[in-house]
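Working notes for the structure below.
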């Protein structure tokens, strides 16, 4: 009778959700049900690969920086710091590029996750195709813009002419892979929303290993220097795209091997843009604000100032992106459970995530405060750079816990489809950094820029959780009313 009931209830979009004997969290269409099972174990199983994936994405840049930091010689150590300043400026632009990529990625992640939670796999596949189409178009247009206006864009940082010239060449080389990177972002979002976060993790890990092998070979034995890092990045990122493409088209696949390029229906595209735009705009503005902070740092402290801000930001980015991975897992978990009418599971997941993130934040804070110079020296082993980097990481170490509160709460907001509120808080207080940095740097020198960043982080980490407590109470009350009405 159980098997007959399963067959009668099943169709293309609901098969395996209704059959207890086959519902082992992995469905025929390559998605995972997050609405059942132990909360913390399910969340952790989803979060660990995402945290690893976020770390690996940041590790690409850190790996390049660590090799570039060894380009200097005893006779001319400025080669290293100038090269770091060039790659740091590129890193800022790649941050901005990744933020634009979030438009399709976050939209796909939440829309696919909520469709799966609502047991509508046909709609999930339509969202995946629409998001991928949007990623292809946006990625191509943005790449052409960077190619055409590279010198003008990089002159924004007010670096010496030789540093700007090196950065322009680096940027034009890596433009080769940028349209494909937009697609890999989108593919990762689709897998995350489907509860299969381990796939992007494995793909990015393979790309990182390849990059680790290529960079030193291209930069030193082959004599390509700074631009060898760019070529290594292109090859490794194209390799990652190839893995995603093969898995979706010829491997086990996901969502019936959805189409990559379609004529999007407005109802799907509007939903993708509605969900992804606030997060994309928030991160784009955050990146643009940090570009302005880098410009202030360059004006105040020369190329050493910009190098400290960008390299230190990348080091702190390991913590930020790892935490963002847990936030993304929480978003996917809450999206499915919220759509399935199980908000209490999302609330418990939020509590569990806060405990983990605060513990992690304490560990990172202690490392930055007491070992900041040693950590910075791993990337740039030059005396002036280490001294400047230690001051930056000390300031950031004091506010790591507040950053954990912000990112965890952002994941909850995204999961319930309320992406606007965290965008408002983040944009407002990140924008405050610019005038605060101008003022504090005039009073304290380059260190004032670091403290401007720290003060705004504290504000976000306090206000966003308080706002979420109010919003979540209202939303859950509304869903209960709709359920019984």
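Data for the structure
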quantity: Which listed residue, of 285, 296, 315, is touching a helix residue (DSSP H, G or I) at 6+ places or on another chain (Cβ under 8 Å), surrounded by fewer than 19 Cβ atoms within 10 Å (Cβ to Cβ) and part of a helix (DSSP H, G or I); calculated: 285
quantity: Residue within region 409-417 that is touching a helix residue (DSSP H, G or I) at 6+ places or on another chain (Cβ under 8 Å), modelled with pLDDT under 95, outside any helix (DSSP H, G or I) and surrounded by 23 or more Cβ atoms within 10 Å (Cβ to Cβ) present; calculated: yes
quantity: Given (1) at pLDDT below 95; (2) assigned to a helix (DSSP H, G or I); (3) surrounded by fewer than 18 Cβ atoms within 10 Å (Cβ to Cβ), number of the condition residue 164 does not satisfy; calculated: (3)
quantity: Residue 467 vs. criteria closer than 18 Å to residue 308 by Cα, more than 22 Å from the chain's Cα centre (by Cα) and surrounded by fewer than 21 Cβ atoms within 10 Å (Cβ to Cβ); calculated: no
quantity: Candidate set from region 418-464 (those that are outside any helix (DSSP H, G or I) and under 24 Å from the mean Cα position of the chain (by Cα)); member that is nearest to residue 393 (Cα to Cα); calculated: 432
quantity: Failed criterion for residue 255 (all others in (1) surrounded by fewer than 17 Cβ atoms within 10 Å (Cβ to Cβ); (2) on the phi > 0 side of the Ramachandran plot hold); calculated: (1)
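Every residue, every condition in (1) touching a residue at least 24 places away in the same chain (Cβ under 8 Å); (2) under 18 Å from the mean Cα position of the chain (by Cα); (3) under 30 Å from residue 330 (Cα atoms), yes or no:
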position	(1), (2), (3)
128	yes, no, yes
146	yes, no, no
154	yes, no, no
167	yes, no, no
178	yes, yes, yes
192	yes, yes, yes
199	yes, yes, yes
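This table checks each residue for (1) touching a residue at least 12 places away in the same chain (Cβ under 8 Å); (2) over 26 Å from residue 61 (Cα atoms); (3) buried (at least 23 other Cβ atoms within 10 Å of the Cβ).
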position	(1), (2), (3)
301	yes, no, no
307	yes, no, yes
320	yes, no, no
332	yes, yes, yes
339	yes, yes, no
348	yes, yes, no
371	no, no, no
376	yes, no, yes
384	yes, no, no
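Condition check ((1) buried (at least 22 other Cβ atoms within 10 Å of the Cβ); (2) under 29 Å from residue 43 (Cβ atoms); (3) touching a strand residue (DSSP E or B) at 6+ places or on another chain (Cβ under 7 Å); (4) modelled with pLDDT of 90 or more) across all residues:
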site: 194; (1), (2), (3), (4): yes, yes, yes, no
site: 208; (1), (2), (3), (4): no, yes, no, no
site: 211; (1), (2), (3), (4): yes, no, no, yes
site: 222; (1), (2), (3), (4): no, no, no, yes
site: 231; (1), (2), (3), (4): no, no, no, yes
site: 238; (1), (2), (3), (4): no, no, no, yes
site: 241; (1), (2), (3), (4): no, yes, no, yes
site: 260; (1), (2), (3), (4): no, no, no, no
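The values are calculated or read from the model by the stated rules, or taken from the named source; none is laboratory data. None of the values given here were measured: they were computed from a predicted structure. Positions of Cβ are backbone-derived with ideal geometry, glycine not excepted, and every protein chain shown enters the neighbour counts.
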